[in-house]
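Engineer: I have a structure I would like to understand better, so I am pasting it below and will then ask my questions one at a time.
The values are calculated or read from the model by the stated rules, or taken from the named source; none is laboratory data. These figures come from a predicted structure and were not determined experimentally. Reconstructed Cβ throughout: ideal geometry from the backbone, glycine too, with neighbour counts over all protein chains shown.
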Amino acid sequence: MQLMQTYQNPILPGFYPDPSICRVGEDYYLVNSSFEFFPGVPLWHSRDLVHWEQLGYVLTRESQLPLEKCRTSGGIYAPTIRYHNGRFYMITTNVTGMGNFFVWTDDIHGEWSDPVWIDHEGIDPSLFWDDDGKVYYTGTGPQRGIHQFEIDLETGAKLSETKIIWTGTGGKCPEGPHMYKINGWYYLMIAEGGTEYGHMETIARSRSVWGPFESCPHNPILSHTGADNSPFQATGHADIFTDTEGKWWMVFHAIRPSIFMLHHIGRETMLASVTWDENGWPVVNGGDPVPAVVPMDGECYAPSWGFTEDFSSETLAPRWSWLRNPDRSKYVFTGHGVTLHGTEDVLDVWGAPTFLGVRQQQFDLQYETELTFTGETGCAGLTIFHTNEYHYDLLVRKQGNGLAVQLRKRVVDILTESEPVVFENTDRLLLRIDSDRLMYTFSAGVDAEHLVKVGTGTSRLLSTEGMVCTFTGCFAGMFAEGDCKAHFEYFSAKEI
């Protein structure tokens, strides 16, 4: 593998946080957190670290990922992917399920095992194989610091006492640990500072897997605190690895603020080079803030984020997600679109509303669909969804012999609905959402030539910083609520 193109950060834009990566020969595999969304743990493949294809998800069955009544930003935290002796392992935490577990597969394109559960409190687990064949679990625990024990990969049982091996450099929330053995040293890299603007990555090393660990003298090795002119903030939660030429790299996440200190499209996966100083410590991007465009030989690779989905197959493209464990009978794929059947669960609750969404990956996008509505009650339409307490919905209801369209905005305990825009003698409408960095604009009409603006909503009110301990980003999607059904002929997204 040779990186011959200038590339653009983030390499995975939108809500793809907590990246972990492993290399198998010339192939790179990467996973992300998924929280309350199903399926769980997006799984990616690349041959050059720049062009990424989503293979699907690791957790695709309810037996692997029970999410019933999962709270906002509950569910799956911080997966780690590793490969050893022909087998892939993914270890993670279901914080509103049964805790820490791992799954495995011998075929990266196939199904993964049911969970092997681990009796240990805490989050952000990782696995490390030492040269003698022993396997170690590292993660957080009931007490502050990084906990470690030897583990049996057949049963998940602890094979040693649990020991706190490092508490970090003093930043809050020492978490996200990964252990590496490099040139006879055991390196322990962790995230500190919380996942907000004080986020950073630090590292320590020892001659023993059990420590004591010596802190790097130039910690943090990654931080954008003070990098006021950078488009990226809150950098951290990293994993390091080598390419086929022996060069070192780091994947990590960061945010792109929309205005001042607010962000709404989530924590995104980034890539930076790593070198080693004369004392054997890693240096990320030469010690400078990580840029948006990384200059290398060749033309810049900047992927397009447009697509049109006609739902011609019952197999959804990997970009799609449900909220929690879906009732799949409420989604009918006709070969020419998808019909969503509403239920009592609505977008405001910790349930499984009828919802299909894609992550918002850029600020300037246009989403569109054609909807045919059936039912005397209920509503359906397009939504910009962040959490059950923060979403904007372009909804359609039956009114007389036609349809009424409104913009419903839910912001915590404030619920507003715009004046209805009524379209007579029709059961079919085109719906559109235009997004820029600061605003969403919602429109509807009988066709693209006769669109009417229904309302607007500021992105600021969907920003993570206005929420209580949430870790996700905005989705654009389709929904149906109540005793109705809505047929969506297609769903498109394009850059504007």
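Engineer: Condition check: in contact with a strand residue (DSSP E or B) (Cβ under 9 Å, 6 or more places away or on another chain) and at pLDDT 95 or above. Does Gly56 satisfy that?
Structural biologist: Considered against the rule, which asks whether it is in contact with a strand residue (DSSP E or B) (Cβ under 9 Å, 6 or more places away or on another chain) and at pLDDT 95 or above, Gly56 comes out as yes.
Engineer: Next question, about the same structure. Taking the options Glu121, Glu154, name whichever one is surrounded by fewer than 17 Cβ atoms within 10 Å (Cβ to Cβ), in contact with a Pro (Cβ under 7 Å, 6 or more places away or on another chain), on the phi < 0 side of the Ramachandran plot and without any contact (Cβ under 8 Å) to a residue 60 or more places away in the chain.
Structural biologist: On inspection, the qualifying residue turns out to be Glu121.
Engineer: Which residues, taken from segment 230-247, are assigned to a strand (DSSP E or B) and surrounded by 17 or more Cβ atoms within 10 Å (Cβ to Cβ)?
Structural biologist: The answer is Gln233, Ala234, Thr235, Gly236, His237, Ala238, Asp239, Ile240, Phe241.
Engineer: Given the options Leu394, Leu407, Leu429, Leu382, name the one that is buried (at least 23 other Cβ atoms within 10 Å of the Cβ) and more than 27 Å from Ser258 (Cβ to Cβ).
Structural biologist: From the options Leu394, Leu407, Leu429, Leu382, the qualifying one is Leu429.
Engineer: For Trp320, indicate whether it is closer than 24 Å to Phe385 by Cβ and modelled with pLDDT of 95 or more.
Structural biologist: Here the answer is yes, as Trp320 does meet what is asked.
Engineer: For the structure I just gave you, tell me whether Thr202 is crowded, with 20+ Cβ neighbours inside 10 Å, in the same structural domain as Asn279 (by TED's automatic domain parsing) and part of a loop (DSSP other than H, G, I, E, B).
Structural biologist: no
Engineer: With of a type in the set (Gly, Ala, Ser), crowded, with 23+ Cβ neighbours inside 10 Å and at pLDDT 95 or above as the only criterion, which of Gly40, Gly74, Gly86 stands out?
Structural biologist: Gly40
Engineer: Working carefully through the options Gly337, Gly357, find the one that is closer than 14 Å to Met478 by Cβ, touching a Ser or Thr at 6+ places or on another chain (Cβ under 7 Å) and at pLDDT 95 or above.
Structural biologist: After applying the criteria, what remains is Gly357.
Engineer: Let me ask something additional. Of the residues Val251, Val284, Val274, Val293, which single one is loosely packed, with under 14 Cβ neighbours inside 10 Å and under 27 Å from Asp48 (Cβ atoms)?
Structural biologist: Val293
Engineer: While we're on this one: Can you name the strands (runs of 3 or more DSSP E) wholly within segment 279-360 that have at least 3 residues being farther than 30 Å from Leu188 by Cα?
Structural biologist: Output list reads 307-309, 331-333, 338-341, 354-359.
Engineer: Looking at Tyr490, Tyr440, which is the one that is in the same structural domain as Leu356 (by TED's automatic domain parsing), under 19 Å from Arg359 (Cβ atoms) and surrounded by fewer than 18 Cβ atoms within 10 Å (Cβ to Cβ)?
Structural biologist: Tyr490
Engineer: Go through (1) in contact (Cβ under 8 Å) with a residue 24 or more places away in the chain; (2) closer than 23 Å to Ala493 by Cβ for Ala352 and report which single condition fails.
Structural biologist: Result: Ala352 fails condition (2) only.
Engineer: Of all residues in segment 32-45, how many are within 13 Å of Pro318 (Cα to Cα) and part of a strand (DSSP E or B)?
Structural biologist: So the count comes out to 8.
Engineer: Tell me which strands (runs of 3 or more DSSP E) are completely within segment 393-436 and hold 1 or more residues being touching a residue at least 60 places away in the same chain (Cβ under 8 Å), or say none if there are none.
Structural biologist: 402-411, 428-435
Engineer: Same structure, new question: Test Gly473 against the stated conditions and say whether it is under 22 Å from Asp348 (Cα atoms), surrounded by fewer than 21 Cβ atoms within 10 Å (Cβ to Cβ) and at pLDDT 95 or above.
Structural biologist: So Gly473 does not fit the description; no.
Engineer: Okay, next question. Answer yes if at least one residue in segment 51-58 is among the polar types (S, T, N, Q) and either buried (at least 21 other Cβ atoms within 10 Å of the Cβ) or within 22 Å of Phe128 (Cβ to Cβ) (or both), and no otherwise.
Structural biologist: No, the conditions are met nowhere in segment 51-58.
Engineer: Turning to a different aspect of this structure: Based on this model, can you work out whether His218 counts as touching a helix residue (DSSP H, G or I) at 6+ places or on another chain (Cβ under 9 Å), assigned by TED's automatic domain parsing to the domain that holds Met90, not in a strand (DSSP E or B) and not aromatic (Phe, Trp, Tyr)?
Structural biologist: Considered against the rule, which asks whether it is touching a helix residue (DSSP H, G or I) at 6+ places or on another chain (Cβ under 9 Å), assigned by TED's automatic domain parsing to the domain that holds Met90, not in a strand (DSSP E or B) and not aromatic (Phe, Trp, Tyr), His218 comes out as yes.
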